[in-house]
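*Asks:* So that we are looking at the same thing, I have put the structure below in structure tokens.
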Amino acid sequence: MLETDEKSRARVAAKVRRRAAQNPAAAYELIRHFPAPPFRDHLIGGIWPLPGEIDPRPLLYALSDMGERLSLPCTPRTGNPLTFRAWAPGDTLKHGPYNTREPAPDQPEVTPTLVLVPLLAFTEWGERLGYGGGFYDRTLARLKSGGEVFACGVAYDGQKADHLPTDEHDIRLDGMLAETGFRKF
């Protein structure tokens, strides 16, 4: 994926919007707005938040309490899709690349059918601006080629943008979960 000046500028603007939108209480609002019934019995690919991101951990803990199966991504070498390994609250996590946390290599590799997707910005049409590594675009393309998977962005509502630069490699989101609600695209 070729980084453009337009995408670089959009990332800078998105980080400013995200900083202004940050609110620790928003993490608990994700629980209230998560559309649980349609996703019952899905294997959920969660995310462990990076600094500045909305924190989906309270949602993941609530989903675990409801009996849902969870996983977290493991970051591979550049140019490859993410893999997911089974995870439950209380499991030990190891440090991964890019300041991430991920399940230990002895946890089984799984294939989620609902993937929570981090982002810097999104539009009302499901366009997503990530960090520029292409990990989620490659991962979602691989998962969608193998079957049904729902890509759900997770962010502060203030991260919404009117327009984002996209190209043919950018995979659109199927839905968006924010502290203000859930929307399906």
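*Asks:* If you take the residues in region 114-148 that are of a type in the set (Lys, Arg) and within 17 Å of CYS74 (Cα to Cα), which one is nearest to the chain's Cα centre (by Cα)? It would help to see each step written out before you state the result.
*Replies:* Just the residues of region 114-148 that are of a type in the set (Lys, Arg), to begin with: 128, 138, 142, 144.
Then keep just the ones that are within 17 Å of CYS74 (Cα to Cα); that gives 138, 142.
Details: ARG138: 13, ARG142: 16 Å.
That would be ARG138.
*Asks:* Going by the structure shown, is PHE182 open to solvent by less than 70 Å² (accessible area, probe 1.4 Å), in contact with a Cys (Cβ under 9 Å, 6 or more places away or on another chain), within 21 Å of LEU59 (Cβ to Cβ) and touching a residue at least 12 places away in the same chain (Cβ under 8 Å)?
*Replies:* Numbers: open to solvent by less than 70 Å² (accessible area, probe 1.4 Å): yes; in contact with a Cys (Cβ under 9 Å, 6 or more places away or on another chain): yes; within 21 Å of LEU59 (Cβ to Cβ): yes; touching a residue at least 12 places away in the same chain (Cβ under 8 Å): yes.
Yes; evaluated as a whole, the condition is true for this residue.
*Asks:* From (1) part of a helix (DSSP H, G or I); (2) open to solvent by less than 10 Å² (accessible area, probe 1.4 Å), pick out the condition that doesn't hold for TYR98.
*Replies:* Result: TYR98 passes all but (2).
*Asks:* Please state which of the following conditions HIS169 fails to meet, knowing it meets all the rest: (1) out of contact with any Pro (no Cβ under 8 Å at 6 or more places or on another chain); (2) farther than 19 Å from THR4 by Cβ.
*Replies:* Checking HIS169 against (1) out of contact with any Pro (no Cβ under 8 Å at 6 or more places or on another chain); (2) farther than 19 Å from THR4 by Cβ, the one that fails is (2).
*Asks:* I'd like to verify a number: residues in region 167-179 that are surrounded by fewer than 18 Cβ atoms within 10 Å (Cβ to Cβ) and in contact with an Asp or Glu (Cβ under 9 Å, 6 or more places away or on another chain), how many?
*Replies:* Within region 167-179, the first condition is being surrounded by fewer than 18 Cβ atoms within 10 Å (Cβ to Cβ), and the residues that meet it are 167-169, 172.
Within this subset, residues satisfying the condition of being in contact with an Asp or Glu (Cβ under 9 Å, 6 or more places away or on another chain) are 169, 172.
So the answer is 2.
*Asks:* Does region 63-87 hold any residues that are of a type in the set (A, V, I, L, M, F, W, C) and either open to solvent by 40 Å² or more (accessible area, probe 1.4 Å) or more than 18 Å from PHE34 (Cβ to Cβ) (or both), and which are they? Can you show your working first?
*Replies:* Start the filter on region 63-87 by keeping residues that are of a type in the set (A, V, I, L, M, F, W, C), which leaves 63, 66, 70, 72, 74, 82, 84, 86-87.
Result: MET66, CYS74, LEU82, PHE84, ALA86.
*Asks:* What is the residue count in region 1-37 for residues that are more than 16 Å from LEU50 (Cα to Cα), in a loop (DSSP other than H, G, I, E, B) and not polar (S, T, N, Q)?
*Replies:* So the answer is 7.
*Asks:* Please determine, by comparing only the residues of region 26-51 that are small (Gly, Ala, Ser) and at pLDDT 95 or above, which one is surrounded by the most Cβ atoms within 10 Å (Cβ to Cβ).
*Replies:* Restricting attention to region 26-51, the residues satisfying the condition of being small (Gly, Ala, Ser) are 26-27, 36, 45-46.
Those left that are additionally at pLDDT 95 or above: 26-27, 45-46.
Details: ALA26: 18, ALA27: 18, GLY45: 27, GLY46: 23.
Across region 26-51, the extreme among qualifying residues is GLY45.
*Asks:* In region 143-170, how many residues are among the small types (Gly, Ala, Ser), assigned to a loop (DSSP other than H, G, I, E, B) and in contact (Cβ under 8 Å) with a residue 60 or more places away in the chain?
*Replies:* 2
*Asks:* Kindly indicate which of LEU119, LEU140 is touching a strand residue (DSSP E or B) at 6+ places or on another chain (Cβ under 8 Å), hydrophobic (A, V, I, L, M, F, W, C) and not in a loop (DSSP other than H, G, I, E, B).
*Replies:* Values: LEU119 fails: not in a loop (DSSP other than H, G, I, E, B).
Only one candidate qualifies: LEU140.
*Asks:* Also, I was wondering about something else. If you take the residues of region 52-62 that are outside any helix (DSSP H, G or I) and open to solvent by less than 20 Å² (accessible area, probe 1.4 Å), which of them is farthest from PRO89 (Cα to Cα)?
*Replies:* Keep residues of region 52-62 that are outside any helix (DSSP H, G or I), which gives 52-56.
Filter again for open to solvent by less than 20 Å² (accessible area, probe 1.4 Å), leaving 54, 56.
Values: ILE54: 18, PRO56: 12 Å.
Among them, the one singled out is ILE54.
*Asks:* So, in region 101-136, exactly how many residues are open to solvent by 30 Å² or more (accessible area, probe 1.4 Å), of a type in the set (D, E, K, R) and under 24 Å from ASP41 (Cα atoms)?
*Replies:* Total satisfying the criteria: 2.
*Asks:* Considering only region 73-91, how many residues are among the hydroxyl-bearing types (Ser, Thr, Tyr) and either in a strand (DSSP E or B) or modelled with pLDDT of 95 or more (or both)? Talk me through it step by step, then tell me what you get.
*Replies:* Residues of region 73-91 among the hydroxyl-bearing types (Ser, Thr, Tyr): 75, 78, 83.
Now restrict to residues that are either in a strand (DSSP E or B) or modelled with pLDDT of 95 or more (or both): 83.
Total meeting the criteria: 1.
The values are calculated or read from the model by the stated rules, or taken from the named source; none is laboratory data. Because the structure is a prediction, the values reported are computed rather than measured. Quick reminder, even Gly has a Cβ in these numbers, built from the backbone with ideal geometry, and neighbours come from all protein chains shown. For the accessible areas, the whole protein counts, side chains as well, though only heavy atoms, and no ligand, DNA or RNA atoms are used. Shrake-Rupley method; radii C 1.70, N 1.55, O 1.52, S 1.80 Å.
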